[in-house]
1. Between Q38 and E104, take the C-beta separation as r, use R0 = 25 Å, and let me know the FRET efficiency to the nearest 0.05.
2. Of the peptides 6-12, 212-218, 88-94, 243-249, how do they stack up when ordered by the mean number of other Cβ atoms within 10 Å, highest first?
3. What does the C-alpha gyration tensor say about the overall shape of the range 144-215? Classify as rounded when a/c is under 1.5, otherwise prolate if a/b is larger than b/c, or oblate.
4. Using a 1.4 angstrom probe on the protein heavy atoms only, could you order T290, T285 from most to least accessible area?
5. In what order, largest first, do H211, H69, H205 sit by accessible area if the probe radius is 1.4 Å?
6. Between D50 and E160, what is the spin-label point distance in nm, taking each point 7 Å from the Cα along the Cα→C-beta axis?
7. Which length gain, in nm to one decimal place, applies between S116 and D172 when the Cα-Cα distance is subtracted from 0.36 nm times their residue separation?
8. If R0 is 22 Å, what FRET efficiency do you get for E185 and L288 from their C-beta distance, rounded to 0.05?
Amino acid sequence: MKIKNIYIGGWFQRTTLQLSEIYDFLRDGTSQLGLDEQKLGELRDNLRIDTIEYGVANEEFVAFTTAEHTKVKLFEDGLTVVSSEQVSEPTLFADAERLRGYYEERLSPALSYLFSTGAPVFKELKSVEGIYPYFIVCDNASAKNIADLLAKTERQKYFEFDGKNYNVLRGDKYYFINNKKATPENIERYVEEQIFAREFKGQLHRYLNLHRAIWGKIDAIKKQKYATEDGILLATTKLDRYEKTALLISGRLEQMSAYIDVRESGMKDDQELIEFLAISGYRYTALLGTLNYMRSLWDTTRRYAESAQRLLMRANGERIIVTCRTMVLLVGLITMISALGLLFNAGFNFSVDSLIYAALLVIGGMVVTWVIKMHHSVKEYNVIADENQEEAA
């Protein structure tokens, strides 16, 4: 059995503007973003680029090959596909690991540094371990050959398609494509669309999990019956961060629908890919529905954070009123003591006694201020009552 090719890839939304920046970096090791030139050069050298081209195939793309015969293709929408024809059945796992190593340890760090300025990638998403599907392309393999490969790599199969030009057998981590008479270009197009769809869905799933985590934290803040001064300030800072995260993710979700439209139209306009639509055409509609659901979910998350902010603002208003009243009382007390001192002394004379009196007055004020501060640091302000008031309104 001949294993023709192996592919892996990922997707993170970008545009033709970023693709031009990628091309400049890959061609010359340069950037217009004020990044460290030496580091850019080192990252580019580490890619070991052999040839490079800028082309168009439904979308603009940059493709390059490496000294190790690895091929990398980066599209304007952010899709990245890494492949190699240097693969065989006996060394399949080592070949897959080599390809993964190039993607994760060379290409990804270079792109991450190139786009290290601008809107941040959320730390919750950075910590997610990437699990890339491996697409193994075989030429005219028998059913037994494919079954043997499946037994070596997967515990079960999730999907199987038997077409006129090719067969597809999908496990959890591996896709096996048995090419009968499809062109290599069409097989590659199919792989690209599968990587895009899987990564698009995976990103939405990560946003769903992030929503669940943030919602739980907001809910915990809103369910506090009382909060101290420090607690109010800390919770306000957290809610600011959650609201910022919701705004950034909402912005990214707004961008994502355009990518589905472009990918779907590209598939439907190419008559040679009609058979592929029988496998994956429905996924574009499903992904768009999931995207709309996620938009609504994050809009609700943002408004939930805002409602929690309003509760804390009311509690903080109560804290400020109590503090102001206390300070007025302190000023009044100092003024009264000073007036009594002047009354009994019938005038102010600069003397040792007057200095002692002034010092005692200052020390007394500081002590009272410290006591008030300690009192406010442990005083708990009502939060639940404010929520009930908000719901009643």
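The values are calculated or read from the model by the stated rules, or taken from the named source; none is laboratory data. Treat the numbers as computed from the prediction; the structure is a model and nothing was measured. In this analysis, Cβ positions are derived from the backbone assuming ideal geometry, glycine residues included, and neighbour counts consider all displayed protein chains. Heavy atoms of the whole protein, side chains included, go into the accessibility calculation; ligands, DNA and RNA do not. Shrake-Rupley method; radii C 1.70, N 1.55, O 1.52, S 1.80 Å.
1. Details: r = 23 Å, r/R0 = 0.91.
Efficiency, from the Cβ-Cβ distance: 0.65.
2. Numbers: 6-12: 22.1, 212-218: 15.4, 88-94: 12.6, 243-249: 18.4.
Those peptides, ordered most packed to least, come out 6-12, 243-249, 212-218, 88-94.
3. The shape class here is oblate.
4. Working: T290 60, T285 95 Å².
Highest to lowest solvent-accessible surface, that is T285, T290.
5. Details: H211 20, H69 120, H205 100 Å².
Ranking H211, H69, H205 by accessible area, largest first, yields H69, H205, H211.
6. Using points 7 Å along Cα→Cβ, the separation is 3.7 nm.
7. Working: separation 56, 0.36 × 56 = 20.16 nm, distance 3.20 nm.
Result for the pair: 17.0 nm of gain on full extension.
8. Details: r = 27 Å, r/R0 = 1.22.
That gives a FRET efficiency of 0.25.
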